[in-house]
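S.K.: After the structure tokens below, expect a handful of questions from me.
The values are calculated or read from the model by the stated rules, or taken from the named source; none is laboratory data. Everything quoted here is computed from the prediction, not taken from an experiment. Cβ: placed from backbone, ideal geometry, glycine included. Neighbour counts: every protein chain shown.
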Amino acid sequence: MNIHGPQNLFQQPTPEDIALRLRQIRQAKGWSLADVEIASKGVIKAVVLGSYERCDRTLSIKRAIQLTTFFDVPFDHLFKSQENPKTVRENRSTERIILDLRALQSAPQEAEVFKNFTTWIIAQRCDWNGEVLSIRKSDLEMLALLNHSSSDEVRNHLLRERYLLQA
């Protein structure tokens, strides 16, 4: 009996991947290990969390649930396959694309695709500030696809109509 199953069917995360993801989640919140211990009122000890992040200690399912609940991230986020963080950073565009939601609200009917798309992004991100919305390059590409045009054409249209703020 082969306990490993078919080769390359699914790429499972390694314990090191999970440890790295846990560290990335904490750092994305802007917290040090000590900050977590303070914010959790000592329930999550800095030394213990650090040992999970270094993969020096085994993370139980119960503890993983507790940590993901504390960090307010979905449990499965801890186990998603990882891209090389260096590669992800290198591939990200440094350009910021910021939409002026106030201007877009008063846009004519022709801008309905933009309005619907931004409403969808806002709902997905639970980003309810209502004034501006940062979008990714991939979001701009999706808008181009929806408009049967290129990303440059969409960007120029957004600039021309003053829906896009210059960053």
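S.K.: Out of all the residues in region 28-43, which are of a type outside the set (D, E, K, R) and modelled with pLDDT of 90 or more?
M.R.: If the condition is that a residue be of a type outside the set (D, E, K, R) and modelled with pLDDT of 90 or more, then W31, S32, L33, A34, V36, I38, A39, S40, G42, V43 are the ones that fit.
S.K.: Another question about this same structure. Does A107 satisfy the criteria of being part of a helix (DSSP H, G or I) and of a type in the set (G, A, S)? Break it down into steps so the answer makes sense when it comes.
M.R.: On the way: part of a helix (DSSP H, G or I): no; of a type in the set (G, A, S): yes.
Here the answer is no, as A107 does not meet what is asked.
S.K.: Looking at region 133-140, is at least one residue at pLDDT 85 or above, of a type outside the set (G, A, S) and out of contact with any strand residue (DSSP E or B) (no Cβ under 8 Å at 6 or more places or on another chain)?
M.R.: Within region 133-140, none of the residues are at pLDDT 85 or above, of a type outside the set (G, A, S) and out of contact with any strand residue (DSSP E or B) (no Cβ under 8 Å at 6 or more places or on another chain).
The rows are residues; the columns are (1) modelled with pLDDT of 85 or more; (2) surrounded by 10 or more Cβ atoms within 10 Å (Cβ to Cβ); (3) more than 17 Å from A28 (Cα to Cα); (4) touching a Lys or Arg at 6+ places or on another chain (Cβ under 9 Å).
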{"residue": "K45", "(1), (2), (3), (4)": "yes, yes, yes, no"}
{"residue": "Q66", "(1), (2), (3), (4)": "yes, yes, yes, no"}
{"residue": "P85", "(1), (2), (3), (4)": "no, yes, no, no"}
{"residue": "A123", "(1), (2), (3), (4)": "no, yes, yes, no"}
{"residue": "D127", "(1), (2), (3), (4)": "no, yes, no, no"}
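S.K.: Quick check on my filter: what residues within region 153-167 are among the charged types (D, E, K, R), outside any helix (DSSP H, G or I) and loosely packed, with under 13 Cβ neighbours inside 10 Å?
M.R.: Passing the criteria: only R162.
S.K.: Hey, can you tell me all the residues within region 47-60 that are in contact with a Phe, Trp or Tyr (Cβ under 9 Å, 6 or more places away or on another chain) and loosely packed, with under 12 Cβ neighbours inside 10 Å?
M.R.: Across region 47-60, the qualifying residue is only T58.
S.K.: So, one more: Would you pick out the residues in region 104-115 that are surrounded by 11 or more Cβ atoms within 10 Å (Cβ to Cβ) and without any contact (Cβ under 8 Å) to a residue 24 or more places away in the chain? Show your work before the answer.
M.R.: Residues of region 104-115 that are surrounded by 11 or more Cβ atoms within 10 Å (Cβ to Cβ), as a first pass: 104-105, 107, 111, 113-115.
Within region 104-115, Q105, K115 meet the criteria.
S.K.: While we're on this one: Pull up region 132-152, narrow it to residues that are of a type in the set (D, E, K, R) and surrounded by 12 or more Cβ atoms within 10 Å (Cβ to Cβ), then point me to the one that is farthest from the chain's Cα centre (by Cα).
M.R.: E141
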